[in-house]
Every structure is written in structure tokens, then in C-alpha cells.
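Asker: Structure incoming, see below.
The values are calculated or read from the model by the stated rules, or taken from the named source; none is laboratory data. The structure presented is a predicted model; accordingly, all values stated were derived computationally and were not measured. FYI the Cβ positions are ideal-geometry reconstructions off the backbone, even for glycines, and counts take in every protein chain you see.
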Amino acid sequence: MKGIALLGAPQALWPKDLKQKLSKANTQENLLIGVDRGSLLLTELGFVPNLAVGDFDSLKKSELNRIEAAVSDIRYSVPEKDLTDTELAVRYAFEDYQVDDLILIGSTGGRLDHFLSNLFLVLKPEFQSYAENITIWDRQNLINFYLPGKHTVTKAPGYDYLGVVNLTAIQNLQIKKAKYQLENYSNSFPMSFSSNEFLPEHDSFELSFEKGVVAVIQSCDLDRYQNL
């Protein structure tokens, strides 16, 4: 089962034609999650979330009533809590619904502290085992996470560039079969190896490292993402 969670970040950064993409993915085999205001946004798009999570403090009473009347599984949180609504949604998706993969949409842009919280989620010990099964997706970026080992990263259609970001201390990071290659890089602080590219003769590159957590960001320029 795959999960798709819609958060409340700016709609201008949603993947293009999100409604059509959700229509194709909205089957009994997949889990649709609304996180706080994302629950209302899903209903406005014509979808009923399987799961709604949040303190819903950004909603009017009538908007919350609309969600409560439609959604069968609502997990209420409180504003003062240790885990964010997104983190709670990730926990419920993997632990209660046993999803295999989870895509977070509406998790970038807007408040920078919210975006960083979503980006760093995979560094928390309780979520790190899910890192390689979580994707952050917006109109201009596709972010995947990797744990130590050898990986083949495949090019996503329409994304011209790639960045390799070690989010933690890293040991023996290697990038092969990309335009700019890297051999046995280690350091104790985060670093973004940005503006790399897939080679014309390869639709993937090889990534390996022995210690740390790495994000691979596939992206495109502003004049290109209007067509994605």
C-alpha cells in the first residue's frame, strides 16, 4: 500500500495537475491522508481522506465540521505536543496502516521552520527506519532519503538537476555515473553537492556511503516547472 499525505503549505508549490494525479492514485489499495488543513484542501479537491491528523487550529468550526462528517478516521492532536502533526501522520501511516511508501505533498514553502521540520523528520531515531520510504514532492523538487549502503538513483521525468545532501556526518560518500563524481568524501557537518546532473547516456547514478543520512534532491528551474 502506498500513502499520500497532503499538508497545508502553499498551493502554488503543489505538483502540477495534482487533482488529476490524486484521481489516478485514489484507489482502495492506497491511503490518502490529510494533515491538519490538508484535510480540508483534499475535500475541496473532491477527495475524502482515509485518515485526517491534526489539531485543526487553523480551521473554522464549519470547516472542521465538514471534515468530521466525511472522514472515518480522525486522529486529534493538541497544539502543545512533542511530535508535529506531520510526524504523527507518518507514524500512523507506517505503524497503523502499514504503508510501504509515503509521499508528502504541501510540505515545502511557506514557513521555513515547518519545511525544515519536515526535511529533518527522517533524522529522528523513531522515523529513521522509514527514511528510504518517504518522498517529499512539490512542483519544482523531488526529495528522497537514503541510509548507508549502495543505491541506484533513477532520474524522474522533467527534473534536470540533482543535489546530494548529507544531512548528518558522512563517511565515504561516493557519487558515480553522474556529471560530477565524488570519491570517498567524509565530513562531520551537512553539505549540499548541488547542480549536479544525470549523464546523457545514463538515466540513473550510483550513490554509496558507509555512515550518515543523505537526501537526493531532483529539481528543475522555474521556467521548466510550469510544464511538469
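Asker: So which residues in the range 120-136 are closer than 17 Å to residue 6 by Cβ and surrounded by fewer than 21 Cβ atoms within 10 Å (Cβ to Cβ)?
Answerer: Selection gives 135 alone.
Asker: I would also like to ask the following. Report, by residue number, each residue of the range 150-177 that is basic (Lys, Arg), more than 19 Å from the chain's Cα centre (by Cα) and assigned to a loop (DSSP other than H, G, I, E, B).
Answerer: 177
Asker: Under the condition of being free of Cβ contacts under 8 Å to residues at least 60 places away in the same chain, on the phi < 0 side of the Ramachandran plot and polar (S, T, N, Q), which residue from the range 137-173 is surrounded by the most Cβ atoms within 10 Å (Cβ to Cβ)?
Answerer: 166
Asker: Now for a different question. Suppose the filter is in contact with a helix residue (DSSP H, G or I) (Cβ under 6 Å, 6 or more places away or on another chain) and either within 30 Å of residue 85 (Cβ to Cβ) or assigned to a helix (DSSP H, G or I) (or both); does residue 120 pass it?
Answerer: no
Asker: Does residue 188 satisfy the criteria of being over 17 Å from residue 135 (Cα atoms), small (Gly, Ala, Ser) and free of Cβ contacts under 8 Å to residues at least 24 places away in the same chain?
Answerer: In short, yes.
Asker: In the range 71-113, what residues are of a type in the set (A, V, I, L, M) and over 15 Å from residue 2 (Cβ atoms)?
Answerer: Residues satisfying the conditions are 71, 74, 78, 83, 88, 112.
Asker: For the range 205-228, how many residues are at pLDDT 70 or above and either under 19 Å from residue 186 (Cα atoms) or not in a strand (DSSP E or B) (or both)?
Answerer: Of all residues in the range 205-228, those at pLDDT 70 or above come to 205-221.
With either under 19 Å from residue 186 (Cα atoms) or not in a strand (DSSP E or B) (or both) added as a condition, the list becomes 206-216, 220-221.
Selection size over the range 205-228: 13.
Asker: Hey, another quick one. Only one residue in 23, 62 is surrounded by fewer than 13 Cβ atoms within 10 Å (Cβ to Cβ) and either within 19 Å of residue 137 (Cα to Cα) or assigned by TED's automatic domain parsing to the domain that holds residue 103 (or both), so which one is that?
Answerer: 62 is the lone residue from the list that is surrounded by fewer than 13 Cβ atoms within 10 Å (Cβ to Cβ) and either within 19 Å of residue 137 (Cα to Cα) or assigned by TED's automatic domain parsing to the domain that holds residue 103 (or both).
Asker: Determine which single condition residue 192 fails, assuming it passes every other condition in (1) closer than 25 Å to residue 11 by Cα; (2) exposed (fewer than 13 other Cβ atoms within 10 Å of the Cβ); (3) not charged (D, E, K, R).
Answerer: Status for residue 192: all satisfied but (1).
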